[in-house]
Amino acid sequence: MPIFIGLYFFDWNEQVQFHLDVLDLDLAILEEKPATITNASSIEEITHYKAWERSNKLNLMFMRMTVVDNIKTTIPKTRNAKEFMELVEERSQIVDKSLVGTLMSTLTTIKFDGSCTMHEHVIEMTNITPRFKTLSLIHISEPTRPLYI
């Protein structure tokens, strides 16, 4: 499981959800917190509530273990896994937007200087495009025909 360092939230989120689903612990991410147990609660409601509580606790532990400390310290304390995920997403969008600016600047200012082959230069430029896509903030279309060098 990759550690979330502030970049590529959607990749990290996908990995977290996959792992929690495989472990059958994704209940707290999929559903809102059920109503509090009362004396009138049925056995099914009690069972569901306890399952949600366990899922929520383990989700929070798992997510906190996979986020770097400098991000964890900026996130307000919460006891809800779904809310924690939303807070991490909010923090990551700030970083993602600055990364988009850096990548766009690199893409628009990169020049062939002869230090490598033309083929390597084109490969370097085309490797920037998928990084935009993983940020999911802007859309860059693929060339309609292959590029030949």
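Miscellaneous remarks
- Scope segment 28-61; condition open to solvent by less than 40 Å² (accessible area, probe 1.4 Å), of a type outside the set (Gly, Ala, Ser) and touching a helix residue (DSSP H, G or I) at 6+ places or on another chain (Cβ under 8 Å); matching residues: Ile29, Pro34, Trp52, Asn56, Asn59, Leu60
- Leu147 surrounded by 13 or more Cβ atoms within 10 Å (Cβ to Cβ) and either modelled with pLDDT of 85 or more or of a type in the set (A, V, I, L, M, F, W, C) (or both): no
- Against the list (1) exposed (fewer than 15 other Cβ atoms within 10 Å of the Cβ); (2) at pLDDT below 85, the condition Phe18 fails is (2).
- In segment 103-113, the condition of being in contact with a helix residue (DSSP H, G or I) (Cβ under 8 Å, 6 or more places away or on another chain), of a type outside the set (A, V, I, L, M) and over 27 Å from His19 (Cα atoms) is met by at least one residue.
- Within segment 97-112, the set of residues being modelled with pLDDT under 80 and either surrounded by 15 or more Cβ atoms within 10 Å (Cβ to Cβ) or of a type in the set (A, V, I, L, M, F, W, C) (or both) comprises Leu99, Val100, Leu103, Met104, Leu107.
- Sub-9 Å Cβ pairs linking a first residue in segment 99-117 that is more than 27 Å from Tyr8 (Cα to Cα) to a second residue that is surrounded by 10 or more Cβ atoms within 10 Å (Cβ to Cβ) and of a type in the set (Val, Ile, Thr), at least 6 apart or interchain, are Phe112/Val122, ordered by first then second residue.
- Subset of segment 71-84 [open to solvent by 30 Å² or more (accessible area, probe 1.4 Å) and free of Cβ contacts under 8 Å to residues at least 24 places away in the same chain]: Lys72, Thr73, Thr74, Pro76, Lys77, Arg79, Glu83
- Assessment of segment 79-96 against the conditions (modelled with pLDDT of 90 or more and either assigned to a loop (DSSP other than H, G, I, E, B) or in contact with a His (Cβ under 7 Å, 6 or more places away or on another chain) (or both)) yields at least one matching residue.
- Qualifying residue in segment 54-76 (condition: modelled with pLDDT of 90 or more, charged (D, E, K, R), closer than 16 Å to Phe9 by Cα and in a helix (DSSP H, G or I)): yes
The values are calculated or read from the model by the stated rules, or taken from the named source; none is laboratory data. Note that this is a predicted model, so its numbers are computed, not measured. Neighbour counts are summed over all protein chains in view; Cβ atoms, including those assigned to glycine, are modelled from backbone coordinates with ideal geometry. All accessible areas refer to the heavy atoms of the entire protein, side chains included, with ligands and DNA or RNA removed. Shrake-Rupley method; radii C 1.70, N 1.55, O 1.52, S 1.80 Å.
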